[in-house]
Amino acid sequence: MSLSAEDMDAIWLTLKLASLVTVLLIIVSTPIAWWLARTRSWLKGPVNAIVAMPLVLPPTVLGFYLLIFLGPQGAMGQFLLSLGLSPLPFSFEGLVVASMLYSLPFVVQPIQNAFAAMGSRPLEAAATLRASPWDAFLHVALPLAKPGYLSAAVLGFAHTVGEFGVVLMIGGNIPNETRVISVQIYDHVEALEYGQAHTLSLLMMVFAFTILALLYSVQKRHNTTTSSSWL
Amino acid sequence: MKNTLSSSLQVRLSLQRAAFSLAVDVQLPNQGVTALFGASGSGKTTLLRCIAGLDSTPEGFIGLNEEVWQNGKRTLPAYKRPIGYVFQEANLFPHLTAQDNLAFAMKRAGPDSEVITYDDVVELLNIKGILSQYPHQLSGGERQRVAMARALLIQPKLLLMDEPLSALDEGLKQDILPYLETLCQRAQIPILYVSHSLDEVIRLADHILVLEQGRVVEQGDTASLLGQLGTSFSKHQDASVVISGVVTQQTPEWGLSWLAFGEDDLNQQTIAFTQGKEQRGDTVSLRIQSRDVSLSLSEQENSSILNRLAGVVDEIETDLSDSSRVMVRLLVAQTPILARITALSAHRLSLKKGQNVIVQIKSAALLR
């Protein structure tokens with residue numbers, strides 16, 4: 001059981017993709033989660049549903065629409081072409097966009113739950129202490145939502161590492177560009193290289209177990225020290 | 001101290017919600033403690049939150065001295081109002097130690113005025129030993145003391161307190177009340193204190209505003225409001241009056257002090273009470289519960305009751321909810337005292353306005 005150069009490339013590409021997607025998603029999800037946790041608008045329901053859709057849709061459906069939207073004939077593709085850029089499908093950048101959509105609920109929901117759980121009381125206290133909304137967000141809401149951010153980062157990263165269907169639809173199978181671990185395993189199996197498929201699959205199993213075990217133990221500690229003591 | 005029209009807290013608000021409406025137009029003194037008193041659901045917390053800017057009404061006016069916080073629809077956001085706010089539950093930031101909770105306020109305190117220094121606050125509320133703790137490591141009373149310190153360290157021009165003791169059990173309340181009393185006496189700023197506890201109001205407030213279903217039904221300084229009939233206080237089962245005067249005599253061997261009170265020097269009366277920390281010559285207030293006051297038509301020399309004062313019946317109020325009892329308002333040295341007696345006794349003594357009686361006071365408790 002050893003890893004080939006192509007296996008290593010796939011691992012690196014996967015880690016690069018998952019890290020970038022996680023960082024971008026944390027940034028994008030924060031305002032969405034904040035709005036969803038605090039709004040009373042009727043739009044809350046529909047927006048929640050849109051964010052959660054990747055949870056229930058087959059990845060192929062998401063990939064199919066992205067392919068059309070981002071492709072040379074699609075609206076986004078046309079726009080990028082008019083700027084002199086190449087369309088996104090079958091590129092690393094395309095994979096980043098697709099993965100962000102695919103992993104969105106896994107990042108938004110833990111952050112949203114953390115913001116909702118703290119309620120309005122800490123923010124009201126901050127307001128009576130002359131903290132502007134931005135000040136209160138940075139120095140009260142963000143620190144209090146830290147466990148939520150931790151869950152969001154872990155889940156977003158792990159989920160991006162584990163995606164397959166969307167990658168195949170929009171990324172194809174280009175070495176060092178879109179061939180991530182899950183696709184590499186698929187290739188090995190297609191070529192009847194079960195030994196190499198085993199190695200990579202086992203790696204993924206260990207990764208998944210480790211990261212989830214870590215997450216749950218950290219969450220448990222937070223539950224006993226901070227949230228129950230909130231007064 | 002000046003107390004002109006512009007130098008006070010003016011509040012005019014109206015608010016209509018599904019099951020609740022608020023319509024208030026008051027001018028509150030800009031010194032001392034003003035209690036917002038009323039049953040739960042009377043709108044006192046909503047009123048306080050509107051003054052703080054945590055809630056808003058579509059129409060109204062709020063101004064402190066020359067500053068306008070709300071005029072019509074235009075409102076100043078809460079974080080720009082020079083207030084301190086003590087919540088029902090301490091509402092400390094759980095991710096910060098007590099010390100860092102205080103630092104949060106000090107960093108953002110108004111630069112122009114220093115109401116109280118850090119050292120004074122820490123000493124006043126006796127929190128030096130617990131500053132390194134996180135909120136979840138503190139008891140409810142300790143948390144509330146830190147919260148009061150935090151609200152003072154923002155150097156407010158107005159301190160708002162929303163039932164700061166209601167989340168504490170009875171023992172803790174008695175522990176923290178002395179701190180509150182000192183705070184209220186030493187603070188140089190006006191305090192609005194929301195409460196539904198008559199006991200707290202009598203001990204802390206200089207002025208009282210009574211709210212009922214979102215309307216102001218009674219308003220006045222504590223002593224004169226408590227001495228009136230026909231108010232929500234005279235109907236209260238713990239109905240009391242507060243009398244102030246000078247300690248003229250002390251008998252440590254019997255553990256008693258004597259207070260002289262009355263309109264002028266010629267027409268004064270003295271009353272004995274259990275000795276506390278007061279000294280001769282101090283001005284103190286006593287609370288006399290109406291149930292501890294009884295009446296007789298003639299002096300009874302061989303009674304165990306020490307305080308037997310000459311008084312005049314001023315007014316008699318029948319209790320609509322309890323026909324067996326009446327409330328009698330008496331004037332003793334021109335000072336109102338309430339006595340709750342049975343209707344039968346009132347009938348037997350044939351009490352009527354202007355009648356001279358002997359007012360027997362079983363006990364008087366030192367307030368401050």
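Please average, across the residues of B:285-296, the number of beta carbons from any other chain that are within 10 Å of each residue's own beta carbon, and give a whole number.
Values: counts 0, 0, 0, 0, 0, 0, 0, 0, 0, 0, 0, 0.
Mean shielding by partner chains, rounded to a whole number: 0.
For helix A:181-190, report the angle its Cα long axis makes with the longest principal axis of the Cα atoms of chain A; keep it between 0 and 90° and round to the nearest 10°. On a 0 to 90 degree scale, this one is about 30. Here's the picture: charge each Lys and Arg Cβ at +1 and each Asp and Glu Cβ at -1 in the protein assembly as shown, and of B:GLN133, A:SER82, B:VAL328 the one pushed furthest to the positive end of that dipole is B:VAL328. Here the label points at B:ASP221 and B:ASP265, each 7 Å from Cα along the C-beta direction, are separated by 2.2 nm in the simple model. Once you divide the Cα radius of gyration of the stretch B:303-365 by 2.2 N^0.38 Å, the number left is 1.10. Normalised Debye scattering of the stretch B:240-366 at q = 0.11, 0.21 Å⁻¹ gives log10 I(q)/I(0) of -0.38, -1.21, counting only Cα atoms as equal scatterers and leaving out solvent. Once the Cα atoms are used to define both axes, helix B:98-108 deviates from the longest principal axis of chain B by about 70 degrees. Sorted on the mean count of surrounding Cβ atoms within 10 Å across their residues, most packed first, peptides B:297-309, B:178-190 read B:178-190, B:297-309.
Name the shape class, rounded, prolate or oblate, that the alpha-carbon gyration tensor gives for chain A, where a ≥ b ≥ c are the square roots of its eigenvalues, rounded holds for a/c under 1.5, and otherwise prolate holds if a/b is larger than b/c and oblate otherwise. Display every interim value, and only then the final one.
On the way: a/c = 2.63, a/b = 1.51, b/c = 1.74.
Because a/c hits 1.5 or more and a/b fails to exceed b/c, chain A counts as oblate.
Peptide B:148-160 has a mean of 1 when you count, residue by residue, the C-beta atoms of other protein chains within 10 Å of its C-beta. Tell me the angle of helix B:140-153 to the major Cα principal axis of chain B, expressed in degrees between 0 and 90 and rounded to the nearest ten. Value to nearest ten degrees: 70. Residue-normalised convex hull volume from the C-alpha trace of the protein assembly as shown: 222 Å³ per residue.
Going by neighbour counts of Cβ atoms within 10 Å, the residues B:HIS236, A:HIS188, B:HIS196 line up, fewest first, as B:HIS236, B:HIS196, A:HIS188. Remark: A:MET204, B:MET161, A:MET8 ranked as A:MET8, A:MET204, B:MET161, counting other beta-carbon atoms within 10 Å and listing the fewest first.
Applying 1/(1 + (r/R0)^6) with r as the Cβ-Cβ distance of B:LEU177 and A:ALA52 and R0 = 60 angstrom yields a FRET efficiency of 0.75.
Its DSSP H runs of at least 4 residues, each contributing -39,500 (n - 2.57), put the calculated 222 nm mean residue ellipticity of the protein assembly as shown at -13000 deg cm²/dmol, to the nearest 500. Residues of the stretch A:4-26 falling in the label zone of A:TYR65, defined by backbone nitrogen less than 14 Å from a point 7 Å along Cα to beta-carbon, are absent. Shielding of peptide B:91-97 by partners, expressed as the average count of other chain Cβ atoms within 10 Å per residue Cβ, is 6.
Taking each of B:LYS157/B:LYS277; B:LYS73/B:LYS157; B:LYS80/B:LYS173; B:LYS107/B:LYS157; B:LYS80/B:LYS157 in turn, the alpha-carbon distance tops 21 angstrom for B:LYS157/B:LYS277; B:LYS73/B:LYS157; B:LYS80/B:LYS173. For the stretch A:66-163, the fraction of alpha-carbon pairs lying more than 24 Å apart is 47 percent, rounded to a whole number.
Read-outs: derived from the displayed coordinates by stated rules, not from any lab. Computed from a prediction, not measured in an experiment: that's the story for all the values here. Virtual Cβ from ideal backbone geometry, glycine too; neighbours counted across all protein chains shown.
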